[in-house]
């Protein structure tokens, strides 16, 4: 009996947490013989409906090729963007080699690409790129940042039509236009809820 009372109390606590996190309730009655499964379902629902860091670069990444190189990748679960205004944000920072060659930092949200150009010679740079849900499977992307003391604007503020009820491949890529080296010292992909 004590286990049932403790389990009921824990389930009530999970339910109030789910309500606070805007997580849907589990359908139907909870079978006392399957409390562990019910708890795991609630934990999974809370985790998938909470913002925070989804992926992070573990060590600096250096590239000197002229094709797009994937620096960081993550698969966003279908349905993660449940409401208008929710989104995914990428923050990356690094340094260019001592030349003025063009480098493009791109966040790919499925088929939607949001890009910033960082060209400063030996310049440290950072970019923030965000894709927000604007409607049923529609998004808006934006980018801003700086290199040294120069503000970097968006190369491609984009509207997208990526199906957000299915898994979405997210990638952060760096492309050197001609030659030179770019080092990404840090990057993370975060959920915006």
When every residue in segment 95-107 that is touching a strand residue (DSSP E or B) at 6+ places or on another chain (Cβ under 6 Å) and more than 10 Å from residue 176 (Cβ to Cβ) is compared, the one surrounded by the fewest Cβ atoms within 10 Å (Cβ to Cβ) is 95
For this session: Could you tell me whether residue 85 is loosely packed, with under 15 Cβ neighbours inside 10 Å, in the same structural domain as residue 56 (by TED's automatic domain parsing) and touching a helix residue (DSSP H, G or I) at 6+ places or on another chain (Cβ under 9 Å)?
Result: no
Filtering segment 108-148 for residues that are crowded, with 21+ Cβ neighbours inside 10 Å and closer than 16 Å to residue 165 by Cα leaves a count of 4
Residue hits (segment 171-193; crowded, with 17+ Cβ neighbours inside 10 Å and more than 30 Å from residue 98 (Cα to Cα)) are 190, 191
Determine if segment 135-144 includes at least one residue that is out of contact with any helix residue (DSSP H, G or I) (no Cβ under 6 Å at 6 or more places or on another chain), over 19 Å from residue 187 (Cα atoms), modelled with pLDDT of 85 or more and not in a strand (DSSP E or B).
yes
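The values are calculated or read from the model by the stated rules, or taken from the named source; none is laboratory data. This is a predicted model, so every value here is computed, not measured. With ideal geometry, Cβ positions are generated from the backbone for all residues, glycine too; neighbour counts draw on all protein chains shown.
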